[in-house]
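Take a look at the structure set out below.
The values are calculated or read from the model by the stated rules, or taken from the named source; none is laboratory data. Computed from a predicted model, the values in this text were never measured in an experiment. Glycine gets a Cβ as well: all are built from the backbone with ideal geometry, and neighbour counts include every protein chain shown. Heavy atoms of the whole protein, side chains included, go into the accessibility calculation; ligands, DNA and RNA do not. Shrake-Rupley method; radii C 1.70, N 1.55, O 1.52, S 1.80 Å.
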Amino acid sequence: MKHPLRKVVIPAAGLGTRFLPATKAVPKEMLPIVDTPTIQLIVEEAVRAGVQQVIVVNGRGKGAIEDHFDRSYELEDTLTRKGKKDLFELVRKISDSVRLSSVRQKEPMGLGHAVLAAKAAVGDDWFGVLLGDDLIDSEEPGIGQLARVSMQTGKATVALMPVPDDQVHLYGVAAGKALPDGNITVEKMVEKPPRGTAPSNLAVIGRYVLPPDIFGILEKVKPGAGGEIQLTDALAVLAQEGRLIGVRFKGERHDAGDRLGYLQANIAWALKRPDLRDGLLAYLRKVTQ
Ligand code: G1P
């Protein structure tokens, strides 16, 4: 990548069945961590990394996401009339921080297929992909860590993290040669390897920086794990060509797509909030005695 990262794609077309009944009428991306929708945290990570354009890939019933990043005249007007300047600024900042557009994924055919739906919107440019289920709490934004490595090396990047052996089958898995800085030149990638067959315990966490020719690769990828078009299978092509670096990112990752991970993320974020920390700690001490 020759220029700083400007565009990112956020796939948000999933049905969120793990969070039913909450997700029957509300997109899972709008479920809050404390008081902020998970997708806003993801957009903020991208904005902190210097990104100017966000393309959300959504499906039916996801209008709340667009509304959330749009101006809300009625709300802003009411807050102004009531003199609630802080809240007004909080709400205004969400719509002013970034240019957001959306494209539709018409059929749920997998993550690779969702990314392909953004082809025309991305155009001939390098771009990032952020998966909303993975929250990364870090000083340098997760996607920014990858973009930095892509700028330095000219190669695509994917975020990697070691996971316990009994969880490897839930992820995309990468293996390759370790570089002096701890990252790896990826040689092999497998999506959700059957138990006992994973080439390593380095799991793909949902951050990617990709070149525009990934779209041509995705167009040729055959359905893989779960009968879906997998992004991992397109990355495997980049890996074979020596064009993919696995980045051992710094920061804490929360799996907000999992009920327990979601609760943990809420607690972790609440503990960082001066207005909530003491009260929450007192409560946790009381209920764990
Ligand atoms: C997706 C990717 C997988 C990756 C995971 C990270 O899987 O396909 O490679 O490891 O996200 O969260 P999903 O969790 O959507 O099944």
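Could you pull out the residue among Arg148, Arg104, Arg99 that is away from the ligand (no atom under 16 Å from the Cβ), under 22 Å from Arg253 (Cα atoms) and open to solvent by 20 Å² or more (accessible area, probe 1.4 Å)?
The conditions single out Arg148.
When Phe88 is evaluated against the numbered criteria (1) open to solvent by 20 Å² or more (accessible area, probe 1.4 Å); (2) under 23 Å from Leu271 (Cα atoms); (3) in contact with a Leu (Cβ under 6 Å, 6 or more places away or on another chain), which criterion, by number, is the only one it fails?
For Phe88, the exception is condition (2).
How about the range 203-230: which of its residues are within 14 Å of the ligand (Cβ to nearest atom), surrounded by 20 or more Cβ atoms within 10 Å (Cβ to Cβ) and more than 12 Å from Met109 (Cβ to Cβ)?
Ala203, Val204, Ile205, Gly206, Arg207, Tyr208, Leu210 - these are the residues of the range 203-230 that are within 14 Å of the ligand (Cβ to nearest atom), surrounded by 20 or more Cβ atoms within 10 Å (Cβ to Cβ) and more than 12 Å from Met109 (Cβ to Cβ).
If you take the residues in the range 125-145 that are assigned to a strand (DSSP E or B) and over 19 Å from Leu238 (Cβ atoms), which one is farthest from the ligand (Cβ to nearest atom)?
The selected residue is Asp137.
Go through the residues of the range 215-226 one by one and say whether even a single one is assigned to a strand (DSSP E or B) and farther than 12 Å from Gly112 by Cβ.
Within the range 215-226, not a single residue is assigned to a strand (DSSP E or B) and farther than 12 Å from Gly112 by Cβ.
Can you confirm whether Lys177 is open to solvent by 40 Å² or more (accessible area, probe 1.4 Å), touching a Leu at 6+ places or on another chain (Cβ under 8 Å), more than 27 Å from Gly50 (Cβ to Cβ) and without any contact (Cβ under 8 Å) to a residue 60 or more places away in the chain?
It is false that Lys177 is open to solvent by 40 Å² or more (accessible area, probe 1.4 Å), touching a Leu at 6+ places or on another chain (Cβ under 8 Å), more than 27 Å from Gly50 (Cβ to Cβ) and without any contact (Cβ under 8 Å) to a residue 60 or more places away in the chain.
Among the residues of the range 17-50, count how many are in contact with a Lys or Arg (Cβ under 6 Å, 6 or more places away or on another chain) and either over 26 Å from Arg259 (Cα atoms) or open to solvent by less than 10 Å² (accessible area, probe 1.4 Å) (or both).
Qualifying residue count for the region: 1.
Just to be sure I understand, how many residues within the range 132-152 are of a type in the set (Ser, Thr, Tyr) and within 10 Å of Val247 (Cβ to Cβ)?
Of the residues in the range 132-152, 1 are of a type in the set (Ser, Thr, Tyr) and within 10 Å of Val247 (Cβ to Cβ).
Might you let me know whether the range 154-170 holds any residue that is open to solvent by 10 Å² or more (accessible area, probe 1.4 Å) and of a type in the set (Ser, Thr, Tyr)?
No, the range 154-170 contains no residue that is open to solvent by 10 Å² or more (accessible area, probe 1.4 Å) and of a type in the set (Ser, Thr, Tyr).
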